[in-house]
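Quick notes on the structure that follows.
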Amino acid sequence: MLRSVLLYLSEQKALQDFILRRKLARSMSHRFVAGETLDEAVEVARDLNARGMDVTLDHLGEAVEGEDQAARATDDYIKIFERIAKESGVEASISIKPTQLGLAIDPDLCRTNLRRLAEAARGFGNFVRIDMESTDYTRSTLEVFFELFDEFENIGTVIQSYLRRSEDDIRKLASVAAPVRLCKGAYKEPEDLAFQEKKEVDESFVRLLEILIDSEAPLAVASHDHLMIDAAKRLMKENKGRQAPIEFQMLYGIRRDLQARLVEQGYKMRVYVPYGSDWYPYFMRRMAERPANLFFVLRASVGK
């Protein structure tokens, strides 16, 4: 029930505008958001790199309303590549939401902006992960991805195990060895499109893991659930002949103890580090994924 409420609130623009003006709310967000500026995100990335973890930077933002906004978002990400290249002791890739680049306006606009990003990333020897948003954009996101993957090998995408269509999508991606981040999913979706029970979502996650680990698709296992992590470890041991890289991915501020433990165990660990002033929808979805996070953040904020 609380999850549904939090997901609903994550989509309320009026509430977002109110919350973003509150100092306490910004303070609460810092557990899961690196800050509002690239400078702050770079310093977080530097610290994580020093602790043996890779980093993906996400300049927070979702659906833009015009071509000029999509162009500015693209420019901002290119500036991230430029900044990373100049910084000593900082290595990071980027993750983008297609609607930031104009997918909700016109897939051709998104394709044009994404091509610019992929070209810039290739020039810097870097990588672009294309996030998956709600099911309103699943098909068009994958269409744009497959078109560009023929041209650029330095891009990857994301598949959500709670979607009923995901097994077909995974098989198609695995057949061309496309880089995949596998996660559970964090949007509110109808029952005909998405599994509603945790048990079903988890079973789907493990099925998709089996397909991906049997393939040569570079794989990112994105989960904070120890059962999913243990399943990935088991499947990796059973398929030691696999050549393509596998890494674990977790969100900044969540299960820091487990992140450090995976590094100690010799696994490749990447932390997804979001930053920016448009943090509200992201923050609320993190609360919805694990409502216990909400009480943790409230307790920490009150204790300051």
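Look through GLU191, GLU151, GLU238, GLU167 and report the one residue that is surrounded by 13 or more Cβ atoms within 10 Å (Cβ to Cβ) and among the acidic types (Asp, Glu). Step by step, each of GLU191, GLU151, GLU238, GLU167 is checked, and only GLU167 is surrounded by 13 or more Cβ atoms within 10 Å (Cβ to Cβ) and among the acidic types (Asp, Glu).
How many residues, within region 144-173, are over 21 Å from ALA118 (Cβ atoms), assigned to a helix (DSSP H, G or I) and touching a residue at least 24 places away in the same chain (Cβ under 8 Å)?
Of the residues in region 144-173, 4 are over 21 Å from ALA118 (Cβ atoms), assigned to a helix (DSSP H, G or I) and touching a residue at least 24 places away in the same chain (Cβ under 8 Å).
Under the condition of being surrounded by 20 or more Cβ atoms within 10 Å (Cβ to Cβ) and assigned to a loop (DSSP other than H, G, I, E, B), the residues counted in region 109-130 number 1.
A single member of ARG21, ARG83, ARG31, ARG46 is of a type outside the set (Asp, Glu), farther than 30 Å from GLU191 by Cβ, surrounded by 14 or more Cβ atoms within 10 Å (Cβ to Cβ) and modelled with pLDDT under 95, and it is ARG31.
Of the residues making up region 214-227, one or more are touching a Pro at 6+ places or on another chain (Cβ under 9 Å), buried (at least 17 other Cβ atoms within 10 Å of the Cβ) and outside any loop (DSSP other than H, G, I, E, B). With respect to the conditions (1) closer than 21 Å to MET236 by Cα; (2) in contact (Cβ under 8 Å) with a residue 60 or more places away in the chain, LEU208 falls short on a single one, namely (2). crowded, with 17+ Cβ neighbours inside 10 Å and either out of contact with any Asp or Glu (no Cβ under 6 Å at 6 or more places or on another chain) or not β-branched (Val, Ile, Thr) (or both), is that true of ASP58? Yes, satisfied.
The values are calculated or read from the model by the stated rules, or taken from the named source; none is laboratory data. In this text the structure is predicted, and so the values were computed from the model without any measurement. So basically every Cβ, Gly included, is an ideal-geometry build from the backbone, and we count neighbours across all protein chains shown.
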